[in-house]
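Worksheet: one structure, shown below.
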Amino acid sequence: MSEIIVRPAKREELARVNELRRQVNDLHVAGRPAHFRPGFNEELQRHVYEQFESEGSDVLVALEGGEVAGFATVQYVHRPEGPYTLPLDYYHVEEFGVDAAHRRRGVATALVDYMKKDARERGFRRIDLDMWTFNEGALAFYEAVGFTTYRRYMEIAL
């Protein structure tokens, strides 16, 4: 197994990040076809470039053997006090994925370890993410690295 290096992405790596994002999107389309658009449209492809250029977010990559094997897009959220809530600052994982060919080799864990360190250095006291319940593998992984459920969305399909 090669050393895994996690760092902010370089612009020239975003095309590869989009290849991985497409894998994640395809998984979501298969798991929730009435919700997610099939294919990997131009707007979705551009989104990672917007995240890359925004001061309030970053694109992270995990390299294994010099190849981009995983990624995360993260947002630095500063929410003001609201009628129901206190002000809240948190490190939000918007997207997360590991190439199918690189799974079970420590890539995802290395990404989470990097995000924990990065979040602490930025003064955040929590990291959050949301996920779809059909993705049982992701749930098992997130729980294994310390994420806990603090809120649920529920529905009645009609």
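Every number in this text was worked out from the coordinates using simple rules, so none of it is lab data. Quick caveat: nothing in here was measured; it's all calculated off a predicted structure. Cβ: placed from backbone, ideal geometry, glycine included. Neighbour counts: every protein chain shown.
At a glance:
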item: Vicinal HN-Hα couplings computed from phi for segment 74-87 (Karplus, 6.51 cos²θ - 1.76 cosθ + 1.60; Hz; Gly/Pro x); result: 10, 10, 9, 9, 10, 9, x, 4, x, x, 10, 10, 7, x
item: Relative packing of peptides 80-88, 148-156, 68-76, 110-118 - highest average C-beta neighbours within 10 Å first; result: 68-76, 110-118, 80-88, 148-156
item: Bridge type composition, segment 4-144 - antiparallel percent by DSSP, nearest 5; result: 90
item: Separation in nanometres of the label points that stand 7 Å from Cα toward Cβ, at residue 37 and residue 22; result: 1.6
item: Amide H partners (placed H, <5 Å) of residue 6, local residues excluded; result: 63
item: Chain lengthening between residue 151 and residue 131 when straightened (0.36 nm per residue, less Cα-Cα); result: 6.1 nm
item: Length-normalised contact order for the chain - Cα pairs under 8 Å, 6+ apart - percent; result: 21
item: Solution diffusion estimate, µm²/s, Stokes-Einstein, segment 77-158, Kirkwood Rh from C-alpha pairs, 10 °C, viscosity 1.306 mPa s; result: 108
item: Volume in Å³ per residue [convex hull over Cα atoms, computed for segment 118-158]; result: 90
item: Segment 4-144: mean projected area of Cα convex hull, nm²; result: 9.5
item: FRET efficiency, residue 109 to residue 158 (Cβ-Cβ, R0 35 Å, nearest 0.05); result: 0.30
